[in-house]
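Peer 1: Dumping the structure here so I can ask a few things about it.
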Amino acid sequence: MRADCNGLGVTFRSEGTETRALDGVTFATNHGEFVSIIGASGCGKTTLLRSIAQLVRPSSGTIELIPHPDDPNSDTLLVFQESSLFPWMRVLENATFGLAMRGVEREEREPEALRLLKQFGLAGRERAWPSELSLGMRQRVALIRAFLCKPALLLMDEPFAALDAQTRLELQQELLALWQPTSMSVIFVTHDVDEAILLSDRVMVMSPSGGKMELQLRVPLSQPRNTGDLTSPEFVAIKREVLKQLAPAKEQAMHA
Ligand SMILES: Nc1ncnc2c1ncn2[C@@H]1O[C@H](COP(=O)(O)OP(=O)(O)OP(=O)(O)O)[C@@H](O)[C@H]1O
Ligand SMILES: [Mg+2]
């Protein structure tokens, strides 16, 4: 699926105050592309993802979601920062929830879920409650749940922000392993520059207010990526560009 945002604006109005969260955001993502979006806190990243997921109605502009013949369906799915598992469901029920909602029979939905749970180190935890899992394990189950649904477009809002560095690196690799064999498009929001570059085909930097895409860079590293790429010259060159864009205006003036 392609996502095409054109002049997107979102204004929130409450109790007489207006917040212009997005103002003229224009960008497009390609079918099967992994795109990361970086930007300062409050610049409108979550609002952008919520708009694409049709949870927020744009005040102006358009969002077009253009299906591709390879897409298994035309769904978009949003994964949040905090694990959004249902506390009253066990791990296996949580992992297969999306499929159950679509009417997929138990015998059909469970084998694939069990295979993925095993692949990502959760064998033996299928009957555990979410509260019995670590944060990293809960996010793994949330990832598996999302991928089992095979959405054409996966939107991820800082899914690894609450994790420690080690677990974060593990989940980044696991995400790439889940995504690579698919033709799924991903829009991934993060504050972490390394994470954005390591995962993506393309990195976009949003302006601090109103969320215009100020910088778009293609990452010239072949997939699959691994942590060794973090120190490659191509990686370092892109990181330098992104950090320059993110630097406060005062600092930019000093370097001008
Ligand atoms: N439901 C809402 N009602 C009113 N204002 C909102 C609402 N949601 C977001 N905003 C405002 O819109 C702006 C953008 O918020 P948003 O959550 O999209 O930023 P963000 O880039 O995701 O920030 P962070 O990196 O901290 O998650 C902020 O000024 C925020 O206060
Ligand atoms: Mg946010």
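The values are calculated or read from the model by the stated rules, or taken from the named source; none is laboratory data. Being a predicted model, the structure only gives us computed values, none of them experimental. Neighbour counts are summed over all protein chains in view; Cβ atoms, including those assigned to glycine, are modelled from backbone coordinates with ideal geometry. Protein only, heavy atoms only, side chains kept; ligands, DNA and RNA dropped before computing areas. Shrake-Rupley method; radii C 1.70, N 1.55, O 1.52, S 1.80 Å.
Peer 1: Can you name the residue in segment 99-118 that is modelled with pLDDT of 95 or more and open to solvent by 80 Å² or more (accessible area, probe 1.4 Å) and is also farthest from Leu171 (Cα to Cα) among such residues?
Peer 2: Taking the candidates together, the pick is Arg115.
Peer 1: Return the residue satisfying two criteria in turn: it lies in segment 160-177 and is open to solvent by less than 20 Å² (accessible area, probe 1.4 Å) and farther than 15 Å from His191 by Cα, and of such residues it is nearest to the chain's Cα centre (by Cα).
Peer 2: Leu175
Peer 1: Looking at segment 152-163 only, could you name the residues that are more than 14 Å from ligand 2 (Cβ to nearest atom), in contact with a helix residue (DSSP H, G or I) (Cβ under 9 Å, 6 or more places away or on another chain) and modelled with pLDDT of 95 or more? First the steps, then the outcome.
Peer 2: So the first thing to find is which residues in segment 152-163 are more than 14 Å from ligand 2 (Cβ to nearest atom), and the list is 152-154, 163.
Those still in the list that are in contact with a helix residue (DSSP H, G or I) (Cβ under 9 Å, 6 or more places away or on another chain) too: 153-154, 163.
Matches in segment 152-163: Leu153, Leu154.
Peer 1: Is it the case that Leu22 is surrounded by 13 or more Cβ atoms within 10 Å (Cβ to Cβ) and out of contact with any Ser or Thr (no Cβ under 9 Å at 6 or more places or on another chain)? Full working, then the answer.
Peer 2: Numbers: surrounded by 13 or more Cβ atoms within 10 Å (Cβ to Cβ): yes; out of contact with any Ser or Thr (no Cβ under 9 Å at 6 or more places or on another chain): no.
So Leu22 does not fit the description; no.
Peer 1: On to the next question. Residue under question is Glu82, and the condition is that it be part of a helix (DSSP H, G or I) and acidic (Asp, Glu); does it hold? Outline the logic, then answer.
Peer 2: Numbers: part of a helix (DSSP H, G or I): no; acidic (Asp, Glu): yes.
Judged against the criteria, Glu82 is not a match.
Peer 1: Oh, and also: Among the listed residues Val236, Val205, identify the single one that is open to solvent by less than 30 Å² (accessible area, probe 1.4 Å) and either assigned by TED's automatic domain parsing to the domain that holds Thr182 or closer than 27 Å to Val10 by Cβ (or both).
Peer 2: Values: Val236 fails: open to solvent by less than 30 Å² (accessible area, probe 1.4 Å).
Residue meeting the stated conditions: Val205.
Peer 1: Here is a further query. Condition first: assigned to a helix (DSSP H, G or I), under 18 Å from Gly98 (Cα atoms) and not hydroxyl-bearing (Ser, Thr, Tyr). Can you find one or more residues in segment 148-165 that meet it? Don't jump to the end; show me each part of the working.
Peer 2: Quick first cut of segment 148-165, residues assigned to a helix (DSSP H, G or I) only: 148, 165.
Next cut, under 18 Å from Gly98 (Cα atoms) only: 148.
Narrowing the set further to residues that are not hydroxyl-bearing (Ser, Thr, Tyr) leaves 148.
Checking segment 148-165: at least one residue is assigned to a helix (DSSP H, G or I), under 18 Å from Gly98 (Cα atoms) and not hydroxyl-bearing (Ser, Thr, Tyr).
Peer 1: Looking at segment 48-57, which of its residues are open to solvent by less than 20 Å² (accessible area, probe 1.4 Å), within 10 Å of ligand 1 (Cβ to nearest atom) and under 26 Å from Asp194 (Cβ atoms)?
Peer 2: Selection gives Leu48, Leu49.
Peer 1: Filter segment 58-85 for residues that are more than 16 Å from Pro151 (Cα to Cα), surrounded by fewer than 19 Cβ atoms within 10 Å (Cβ to Cβ) and modelled with pLDDT under 95 and give the result.
Peer 2: Gln81, Glu82, Ser84
Peer 1: Could I ask something else about it? Is it the case that Val35 is outside the structural domain of Asp157 (by TED's automatic domain parsing), of a type in the set (A, V, I, L, M, F, W, C) and either open to solvent by less than 70 Å² (accessible area, probe 1.4 Å) or at negative phi (or both)?
Peer 2: On the way: outside the structural domain of Asp157 (by TED's automatic domain parsing): no; of a type in the set (A, V, I, L, M, F, W, C): yes; either open to solvent by less than 70 Å² (accessible area, probe 1.4 Å) or at negative phi (or both): yes.
Spelling it out, it is not the case that Val35 is outside the structural domain of Asp157 (by TED's automatic domain parsing), of a type in the set (A, V, I, L, M, F, W, C) and either open to solvent by less than 70 Å² (accessible area, probe 1.4 Å) or at negative phi (or both).
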